[in-house]
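The values are calculated or read from the model by the stated rules, or taken from the named source; none is laboratory data. If you're wondering where the values come from, they're calculated on a predicted model, not measured in any experiment. In this analysis, Cβ positions are derived from the backbone assuming ideal geometry, glycine residues included, and neighbour counts consider all displayed protein chains. Accessible surface areas use protein heavy atoms only, side chains included; no ligands, DNA or RNA. Shrake-Rupley method; radii C 1.70, N 1.55, O 1.52, S 1.80 Å.
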Amino acid sequence: MKLISLHKNYTVLIKKARKDNRKAQHQLYQLFAPKMLSVCRQYLKNNDLAEEVMLNGFYKVFSKLDSFSDQGSFEGWIRRIMVNESISELRRHKKLYFKDETVIENSLEYATSIDTEFAVEEIQKVIDSLPEGYKTVFVLYAVEGYKHSEIAELLQISEGTSKSQLSKARKMLQNNINKQNDVNYGAQ
């Protein structure tokens, strides 16, 4: 029986890429570009803009490759760069707006289960319908797994604002999904 390594080791490619080996850089790009485009797309509605941000992110990856400490996940390191690049792009175009409001008590209670199966494209459309602030906090929290303290630091907002934005995003998502269900299956 042959064992398959679940954790990929990119050490050799990274070493070569650090020495400006274009072939190694291209291989790393080929390995990670599809996932990283998806990461950028979660934050940016426009596919072309998401691709541009991803390319800028890879420029940073290769120019800052020496700062990767070879500890932890290389993919996670790249992902963090892509998230930061996406957020920077939103800031550059002043699309991130956060209204500081009181957190709704027990905001996690607003998360509800969804009985309907949605295609990935439909889910992305529903997420894209959120205001940029709601969407960014939602993706950072629900998809990327950031904590509210990390989101607050990254977006330069308070933890309360992060929690409030998440709560409102969840409510809006639920409302949009319910509306979509009514359209697809008729109000019953």
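General observations
- Taken over the stretch 34-67, the residue count meeting the criterion of being farther than 10 Å from Met82 by Cβ, surrounded by fewer than 21 Cβ atoms within 10 Å (Cβ to Cβ) and of a type in the set (A, V, I, L, M) is 3.
- Single residue of the stretch 22-33 satisfying the filter (in contact with a Leu (Cβ under 8 Å, 6 or more places away or on another chain) and open to solvent by less than 80 Å² (accessible area, probe 1.4 Å)) that is farthest from Glu75 (Cα to Cα): Ala24
- Selection status of Tyr110, surrounded by 15 or more Cβ atoms within 10 Å (Cβ to Cβ), over 20 Å from Arg92 (Cα atoms), touching a Ser or Thr at 6+ places or on another chain (Cβ under 8 Å) and modelled with pLDDT under 50: yes
- Restricting Lys179, Lys147 to those that are open to solvent by 80 Å² or more (accessible area, probe 1.4 Å) and at pLDDT below 90 reduces the list to Lys179.
- The conditions of being open to solvent by less than 60 Å² (accessible area, probe 1.4 Å), part of a helix (DSSP H, G or I), in contact with a helix residue (DSSP H, G or I) (Cβ under 9 Å, 6 or more places away or on another chain) and without any contact (Cβ under 8 Å) to a residue 60 or more places away in the chain are not met by Ser167.
- Hey, Lys95 open to solvent by 30 Å² or more (accessible area, probe 1.4 Å), at pLDDT 70 or above and basic (Lys, Arg) or not: no
- Subset of the stretch 57-88 [outside any helix (DSSP H, G or I) and of a type in the set (D, E, K, R)]: Lys64, Asp70
- Residues in the stretch 9-21 that are exposed (fewer than 13 other Cβ atoms within 10 Å of the Cβ) and among the basic types (Lys, Arg): Lys19 only.
- Test for Gly160: is it open to solvent by less than 10 Å² (accessible area, probe 1.4 Å) and either free of Cβ contacts under 8 Å to residues at least 40 places away in the same chain or assigned to a helix (DSSP H, G or I) (or both): no
- Of residues in the stretch 68-78 being open to solvent by less than 70 Å² (accessible area, probe 1.4 Å) and not polar (S, T, N, Q), the one nearest to Tyr146 (Cα to Cα): Gly76
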